[in-house]
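Chemist: Quick one: the structure is below, and I'll ask about it shortly.
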Amino acid sequence: MQECLFYLIRHGESEGNARREFLGHTDLPITDKGRAQARSAALYLKAQAFAPDAVYASPLCRAAETTDIALAEISAPAPVYLDDLREIYAGDWEGRGFDELDAAYPEARRLWREDIGHAQPVGGEAVAHLYERVVACIKSLAKENLGKTVFIGTHATPIRALEAYARGYGPDRMKELPWPTNASLSAFRSDGETIRCVFYSLDDFQDESIHAEGTLKY
């Protein structure tokens with residue numbers, strides 16, 4: 001049975017991560033640390049002789065720039081940008097600091113931290129909807145790329161949702177999984193119907209001085 005092998009990278013540290021802000025669709029770039037994290041991923045991929053047949057990315061600049069840097073050391077096709085790979089739309093939470101949100105929306109923020117699969121940013125997209133759109137996107141890409149290797153630049157919540165699906169979990173069990181770290185790599189195989197995890201949030205290639213403070217979560 002033919003499968004597609006996916007490598008996914010979470011974007012490097014963004015300006016929102018550094019300022020402890022909930023970005024969602026707010027389009028801010030990665031920091032110098034984020035670029036260094038992406039370069040570490042690039043060196044790792046080069047050492048693995050990684051050679052993707054296709055590249056896709058979220059159009060949000062933090063994911064797009066991370067993708068470009070991560071693939072700079074190897075030969076790779078130009079990325080195709082897909083809206084379904086974007087981070088969750090955060091509605092009233094867009095671009096606002098975590099402390100401000102915790103004070104303004106204590107119950108919704110508690111649910112996000114403790115039971116994310118049932119959470120929904122106020123005025124924004126439900127996590128359960130993100131789960132469905134990301135899984136559908138990956139299955140569709142797998143059917144288009146059977147027998148090929150695909151690289152994807154995306155965000156923390158989509159990768160966490162995909163890992164949940166690969167484990168046979170619904171959105172209600174996403175809370176059992178850790179966030180993928182900045183510029184970490186995750187790999188999955190799919191035949192267009194099933195999705196299996198190869199590894200999740202691999203970041204051993206990151207220099208500790210770069211990585212240690214680069215794991216801010218929503």
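The values are calculated or read from the model by the stated rules, or taken from the named source; none is laboratory data. Quick caveat: nothing in here was measured; it's all calculated off a predicted structure. Using ideal geometry, Cβ is built from the backbone for each residue, glycine included, and neighbour counts are taken over all protein chains shown.
Rundown of residues vs (1) in contact (Cβ under 8 Å) with a residue 60 or more places away in the chain; (2) closer than 13 Å to residue 10 by Cα; (3) in contact with a helix residue (DSSP H, G or I) (Cβ under 7 Å, 6 or more places away or on another chain), yes/no style:
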{"residue": "112", "(1), (2), (3)": "yes, no, no"}
{"residue": "115", "(1), (2), (3)": "yes, no, yes"}
{"residue": "130", "(1), (2), (3)": "no, no, yes"}
{"residue": "134", "(1), (2), (3)": "no, no, yes"}
{"residue": "154", "(1), (2), (3)": "yes, yes, yes"}
{"residue": "164", "(1), (2), (3)": "no, no, yes"}
{"residue": "171", "(1), (2), (3)": "no, no, yes"}
{"residue": "187", "(1), (2), (3)": "yes, yes, no"}
{"residue": "203", "(1), (2), (3)": "no, yes, yes"}
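Chemist: Can you find, within segment 6-61, the residue that is farthest from residue 206 (Cα to Cα) among those that are among the small types (Gly, Ala, Ser) and assigned to a strand (DSSP E or B)?
Modeler: Among those that are among the small types (Gly, Ala, Ser) and assigned to a strand (DSSP E or B), it is 54.
Chemist: Would you tally the residues in segment 92-122 being within 21 Å of the chain's Cα centre (by Cα) and not in a strand (DSSP E or B)? First the steps, then the outcome.
Modeler: Quick first cut of segment 92-122, residues within 21 Å of the chain's Cα centre (by Cα) only: 93-98, 109, 111-121.
Okay, now just the ones that are also not in a strand (DSSP E or B), so 93-95, 98, 109, 111-121.
So the answer is 16.
Chemist: A further question follows. Return yes when residue 149 is polar (S, T, N, Q), in contact with a helix residue (DSSP H, G or I) (Cβ under 9 Å, 6 or more places away or on another chain) and modelled with pLDDT of 95 or more and no when it is not.
Modeler: So residue 149 does not fit the description; no.
Chemist: While we're on this one: What's the number of the condition residue 186 fails, among (1) part of a helix (DSSP H, G or I); (2) buried (at least 20 other Cβ atoms within 10 Å of the Cβ)?
Modeler: So the condition that residue 186 fails would be (1).
Chemist: Against the condition modelled with pLDDT of 95 or more and in contact with a Pro (Cβ under 7 Å, 6 or more places away or on another chain), how does residue 81 come out, does it pass?
Modeler: Values: modelled with pLDDT of 95 or more: yes; in contact with a Pro (Cβ under 7 Å, 6 or more places away or on another chain): yes.
Here the answer is yes, as residue 81 does meet what is asked.
Chemist: Run residue 151 past the list (1) part of a helix (DSSP H, G or I); (2) buried (at least 20 other Cβ atoms within 10 Å of the Cβ) and report the number of the one that doesn't hold.
Modeler: The failed condition is (1).
Chemist: State whether the residues of segment 33-54 include one that is in contact with a Lys or Arg (Cβ under 8 Å, 6 or more places away or on another chain) and surrounded by 24 or more Cβ atoms within 10 Å (Cβ to Cβ).
Modeler: yes
Chemist: Looking at segment 162-180, which of its residues are hydrophobic (A, V, I, L, M, F, W, C) and under 12 Å from residue 200 (Cβ atoms)?
Modeler: As a first pass, look at segment 162-180 and keep what is hydrophobic (A, V, I, L, M, F, W, C): 162, 164, 166, 174, 177, 179.
Listed by number, the residues that qualify are 162, 164, 166, 177, 179.
Chemist: Output yes when any residue across segment 156-170 is of a type in the set (Phe, Trp, Tyr) and over 17 Å from the mean Cα position of the chain (by Cα), and no when none is.
Modeler: Kept after step one, since they are of a type in the set (Phe, Trp, Tyr), are these residues of segment 156-170: 165, 169.
Imposing the further condition that a residue be over 17 Å from the mean Cα position of the chain (by Cα) reduces the set to 169.
Looking for residues that are of a type in the set (Phe, Trp, Tyr) and over 17 Å from the mean Cα position of the chain (by Cα), one finds at least one in segment 156-170, hence yes.
Chemist: Would you pick out the residues in segment 5-51 that are touching a His at 6+ places or on another chain (Cβ under 9 Å) and closer than 10 Å to residue 70 by Cβ?
Modeler: Within segment 5-51, 11, 37, 38, 40 meet the criteria.
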